[in-house]
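Let me begin by presenting the structure, written as structure tokens, before commenting on it.
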Amino acid sequence: MNENGDGIQVVEADDIEEAIRAGVSGPLPAALPVLPLKDAVAYPDTLTPLAVGQERSIKLVDHALGGERMLVLVTSRDPELDEPGPEDLHEIGVVGVVARMIKIPDGTMRILVQATERVRIADYVTEKPYLVARIEALPDEVSPSPELEALTRNVQRTFSEIIEQIPYLPEELQLAVTNIDDPSALSNLIAGALRIPTAEKQELLEEVDVGRRLRRLSELLARELEVIQLGSQIQSQVESEMEKGQREYYLREQLKAIQHELGEEDETQAEVNELRERITAAELPEEAQKAADRELSRLERLPPAAAEYGVIRTYLEWLVELPWSKETTDDLDIAHAREVLDADHYDLEQVKDRILEYLAVRSLNPDSHGPILCFVGPPGVGKTSLGRSIARALGREFERISVGGVRDEAEIRGHRRTYIGAMPGTIIRALRDAGSRNPVFMIDEIDKMGADFRGDPSSAMLEVLDPAQNDGFRDHYLDLPFDLSEVLFIATANSLETIPGPLLDRMEVIQLAGYTADEKLHIAKRYLVPRQLAENGLRGAGVRFADPALRAIIDEYTREAGVRNLEREIGNVFRKLARQIAENKASRKRRPPKQTISAKRARELLGRRRVFSETRRRTKDAGVATGLAWTPVGGEVLFVEATAMPGSGRLTITGQLGEVMRESAQAALSWVRGHAAELNPELPSDWFAEHDLHVHVPAGAVPKDGPSAGVAMATALSSLISDRPISPETAMTGEVTLTGQVLPVGGLKEKSLAALRAGIKRVILPDRNQGEILEIPEHERDGLEFVYVDRVEQALAAAIDGYASRSRV
Ligand SMILES: Nc1ncnc2c1ncn2[C@@H]1O[C@H](COP(=O)(O)OP(=O)(O)O)[C@@H](O)[C@H]1O
Ligand SMILES: [Mg+2]
């Protein structure tokens, strides 16, 4: 025993060789101390290093060292057990000699055991102070055969291969393995060296038949080899990736060095610096600032050629271009607002009043984010231009988007950044264009979105327009909350019917009707003509319109509720004039004299008349009645043509009519058949049985549905069977029941404007609609006579010449 400087005692067998030889060759002692192994298996003919820490084990080793140095190593079935008893241990283990022992200062020891042979434990003699068992030898069974030899060689070869590839196996094993021909010794050596699960190791130890043991071993080795090869394949892939990355890195560093030599600034760094400045200037809210910082530092670390680089840069550019904290100061002077609205728009008194009230409320309480305004009316009546005026009056920016036909939520809310080519949605894009966070923001065609799509874009719109939640509007692309609560939203629509209910609930609706011809004339003179002069470079050229010229355009070249086409035709006239003037100049003719455009000149310039008053032409024949319809683009006149031909009593209805309108044709016919005798006493009683009737409603483009053509249908059929025409300047609207009652209908204002445009003088309409007619400003119904009825007979009396003379009303 000697002691080194660290206080570590080393005990060695005085003559290890001798001790081992004694242990191996001497007779096996009847009983030996048993040292349990926790997670290892010792094989005969191998050296096993062990750490010994438990008190009973230390005692055991101490005693053994004092005597024959022999002990039994047996593996515990459960590696977690601290002090396994006899029943916890496998029955088969090895006998060994302690060849070397080192005592560590912490009281534990390391021993090296030379195992000699396999034994079976017969029974335990005692368990205190350590386990002692009676044992019996369990030698290998070997029957030499060519097969065994082949197995031996196979195992040798496979293991050599494995040694080359496994770092934990020492190279010297190679030599050992090739030198050992004895199958028993070889299998023990290899089994001891392999890192396989303890249970498998124990199985190998328990296998007495050497042939079988080698076979099992060769299986295990084959498996091991496969795992190693797979592992190295993965490894080499990883390495080549790393090499590529490194290569790129070096090239890039070289590039930087070259650029530096050439005095060129590092592109990335320059860009990053610029973006950083812009981020600071943008005064982002906290969350956006964090996102910007994060993205910027990612950008810094990327090569500009990386796809990711462009994506991040685009994102950052969006971020800095948004008006996070830029806003305009409102001009809340109501008198000024009035001036602006008046300067931009003719009349519209009620509408202007409501707008001013709305602005007044906002100016009294700037924090109130009242309802969203919604302008509803036919095209060209000034919805958009009112929005512009409001912005001008308040001193705000103006932005306009159209959501008509939008089917996809992403158009409003953007695509997530993981999409290739992703962009923010239309809301955020418009705000960027506005350049301030409190613009007047017009959302056009909000009724078309609801009609085209079910749910999704309108739910995004709901979030945008809801003052309760739009201060944290989240665009998918930005993925940051943006405060929309300072935005003044105005929606526009042609029809209320197709606006989704929840959206409508949040809006204050302001209706705009179409214009009469007189109003159009005024608007043209005061607004459209001056604007078109300027736009066509004719201001100061001394060109003006005579009133009859404008009237001619209104009546003969446009048929619309608003003034959009009127403005376009005025522009047309000016463009043609401008061209003539320019051509004259080019041919060095003298400057054209100042000119006033007459109706004749306007017709010359615009060419063939485009709109005809169809009323007179069509209603010369019996069976044709003029109805009035409401459509989203304004009121329309519509003709109901009834004809009869020999047949068998069938009714044909054409003109692409909706279901409700077809039913009302049926109802009208039923009433007319029931009253045929009164309508025409000379009509043969079998007339209906011998004729087919055809009801047609021409003018294909107008959507035709609803019950309001009932009166017109009944009148057309009555006119047909009594063979008396309907007076051409009379139009009618109203629903008819089977009993001949006339029920009220909607859209009276637009309908009466359409009647005026079509040159109608008299309108027959339901009694119960009288109130609505009286609400229309007088000048807008000037020149129209209204006949109120509540029975079909009254309508017929008013419409059909000579009807009243023949029947009671
Ligand atoms: N009452 C009005 N006074 C002056 N100009 C008008 C009036 N109504 C419409 N306009 C003009 O008619 C054109 C079409 O109007 P716009 O606002 O685009 O209609 P909408 O948005 O309702 O379809 C615009 O040039 C507008 O200025
Ligand atoms: Mg518009």
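Data for the structure
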| quantity | calculated |
| --- | --- |
| Residues being within 30 Å of P29 (Cα to Cα), of a type in the set (K, R) and either outside any strand (DSSP E or B) or under 60 Å from the mean Cα position of the chain (by Cα) (or both) - total across the stretch 107-162 | 1 |
| Filtered residue count, the stretch 110-134, keeping only those that are surrounded by 19 or more Cβ atoms within 10 Å (Cβ to Cβ) and under 22 Å from G192 (Cα atoms) | 8 |
| Some residue of the stretch 380-394 being modelled with pLDDT of 90 or more, farther than 21 Å from P439 by Cα and within 16 Å of ligand 2 (Cβ to nearest atom) | yes |
| Any hit, the stretch 398-407, residues being closer than 15 Å to D475 by Cα and touching a Pro at 6+ places or on another chain (Cβ under 9 Å) | no |
| Selection within the stretch 724-775 - closer than 20 Å to V672 by Cα, out of contact with any Phe, Trp or Tyr (no Cβ under 8 Å at 6 or more places or on another chain), among the small types (G, A, S) and surrounded by fewer than 24 Cβ atoms within 10 Å (Cβ to Cβ) | S727 |
| Candidate set: the stretch 380-389, residues that are crowded, with 22+ Cβ neighbours inside 10 Å and not basic (K, R); chosen: the one nearest to ligand 1 (Cβ to nearest atom) | G382 |
| Meets criteria (closer than 19 Å to V41 by Cβ, open to solvent by less than 30 Å² (accessible area, probe 1.4 Å) and free of Cβ contacts under 8 Å to residues at least 60 places away in the same chain) for L173 | yes |
| Qualifying residue in the stretch 764-782 (condition: assigned to a loop (DSSP other than H, G, I, E, B) and farther than 21 Å from L638 by Cβ) | yes |
| Conditions (1) under 44 Å from the mean Cα position of the chain (by Cα); (2) among the hydrophobic types (A, V, I, L, M, F, W, C); (3) more than 16 Å from ligand 1 (Cβ to nearest atom): number failed by A546 | (1) |
| Tally of residues being within 23 Å of A270 (Cβ to Cβ), touching a Leu at 6+ places or on another chain (Cβ under 9 Å) and either free of Cβ contacts under 8 Å to residues at least 60 places away in the same chain or of a type outside the set (A, V, I, L, M) (or both) across the stretch 281-331 | 15 |
| Sole exception among (1) within 16 Å of ligand 1 (Cβ to nearest atom); (2) at pLDDT 90 or above; (3) of a type in the set (D, E, K, R) for E560, by number | (2) |
| Residue in the stretch 414-444 that is nearest to ligand 1 (Cβ to nearest atom), counting only those that are charged (D, E, K, R) and over 14 Å from F473 (Cα atoms) | D444 |
| Verdict on R400 being basic (K, R), part of a helix (DSSP H, G or I), within 25 Å of G514 (Cβ to Cβ) and within 16 Å of ligand 2 (Cβ to nearest atom) | no |
| Among (1) at pLDDT 90 or above; (2) not in a loop (DSSP other than H, G, I, E, B) - the single one E411 does not satisfy | (1) |
| Which listed residue, of L533, L528, is more than 22 Å from P777 (Cα to Cα), out of contact with any Phe, Trp or Tyr (no Cβ under 7 Å at 6 or more places or on another chain), open to solvent by less than 30 Å² (accessible area, probe 1.4 Å) and within 14 Å of ligand 1 (Cβ to nearest atom) | L528 |
| Matching entry among P84, P167 (being over 27 Å from G211 (Cα atoms) and free of Cβ contacts under 8 Å to residues at least 24 places away in the same chain) | P167 |
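For (1) out of contact with any Phe, Trp or Tyr (no Cβ under 6 Å at 6 or more places or on another chain); (2) loosely packed, with under 14 Cβ neighbours inside 10 Å, each residue gets a yes or a no:
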{"position": "L364", "(1), (2)": "yes, yes"}
{"position": "H369", "(1), (2)": "yes, no"}
{"position": "F375", "(1), (2)": "yes, no"}
{"position": "P378", "(1), (2)": "yes, no"}
{"position": "A391", "(1), (2)": "no, no"}
{"position": "R396", "(1), (2)": "yes, no"}
{"position": "R400", "(1), (2)": "yes, no"}
{"position": "E409", "(1), (2)": "yes, no"}
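The values are calculated or read from the model by the stated rules, or taken from the named source; none is laboratory data. Since we're looking at a predicted model, the values are computed, not measured. Heads up, the Cβs are rebuilt from the backbone with ideal geometry, glycines too, and the neighbour counts pull from every protein chain shown. Ligands, DNA and RNA are excluded from the accessible area calculation, which covers all protein heavy atoms including side chains. Shrake-Rupley method; radii C 1.70, N 1.55, O 1.52, S 1.80 Å.
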